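Input: one structure, supplied below.
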Amino acid sequence: MAGRTTGWRRLVKASGYSWQGLRAAWQHEAAFRQETVVAIVAIVIAGWLDVDTVSRILLIGSVVLIMIVEIINSAIEAVVDRLGPEIHPLSGRAKDLGSAAVLLAILLAVFVWGSVLWQWWSLAG
């Protein structure tokens, strides 16, 4: 197919688009900026804790998952807002579902961190 980008060129272009997405999330989404700061602190703490590798991966993965879901939620909101300013039940549902996904990711992270810290505290004491 003529004009189709493949191989390394496609990878480079895709990386550029991903970087643009991260920059857009940082510039336009206060929640993403807040979650990034929390994630950095959490990753440092996860690196400092004396836990096994699987626990460390769970700690870090759970906070990174929040950021991933936030980006997807922001993408949904951008598409809905692009469609128009009028209120529509499906638009509201799409935004509510995206928000619910973020909430579930946060609750999962709280559960993971609570479980790992509880175990760490029990073994340390």
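Take the stretch 1-37 and flag every residue that is within 16 Å of Asn73 (Cβ to Cβ) and among the β-branched types (Val, Ile, Thr).
Within the stretch 1-37, Thr36 is the sole residue that qualifies.
Could you say whether any residue in the stretch 100-118 is modelled with pLDDT of 95 or more, surrounded by 16 or more Cβ atoms within 10 Å (Cβ to Cβ) and not hydrophobic (A, V, I, L, M, F, W, C)?
No - not one qualifying residue is present in the stretch 100-118.
Just give me the residues in the stretch 5-26 being of a type in the set (S, T, N, Q) and either open to solvent by less than 100 Å² (accessible area, probe 1.4 Å) or under 24 Å from Ala109 (Cβ atoms) (or both), in sequence order.
Passing the criteria: Thr5, Thr6, Ser15, Ser18.
Cβ-Cβ below 8 Å, separation at least six or inter-chain, first residue in the stretch 80-91 and without any contact (Cβ under 8 Å) to a residue 60 or more places away in the chain, second among the hydrophobic types (A, V, I, L, M, F, W, C): which pairs?
Correct list of pairs: Val80/Ala94; Ser91/Val80; Ser91/Leu83.
Related question: Could you check the stretch 45-78 and list, in sequence order, the residues that are touching a residue at least 60 places away in the same chain (Cβ under 8 Å) and charged (D, E, K, R)?
Asp50
Regarding the stretch 30-44, can at least one residue be identified that is closer than 21 Å to Ser18 by Cα, of a type in the set (Gly, Ala, Ser), touching a residue at least 40 places away in the same chain (Cβ under 8 Å) and open to solvent by 30 Å² or more (accessible area, probe 1.4 Å)?
So far as the stretch 30-44 goes, yes, one or more of its residues are closer than 21 Å to Ser18 by Cα, of a type in the set (Gly, Ala, Ser), touching a residue at least 40 places away in the same chain (Cβ under 8 Å) and open to solvent by 30 Å² or more (accessible area, probe 1.4 Å).
The values are calculated or read from the model by the stated rules, or taken from the named source; none is laboratory data. Here the structure is a predicted model, which is why all the values come from computation and not from measurement. FYI the Cβ positions are ideal-geometry reconstructions off the backbone, even for glycines, and counts take in every protein chain you see. Heads up: the accessible areas ignore ligands, DNA and RNA and are worked out on the full protein's heavy atoms, side chains in. Shrake-Rupley method; radii C 1.70, N 1.55, O 1.52, S 1.80 Å.
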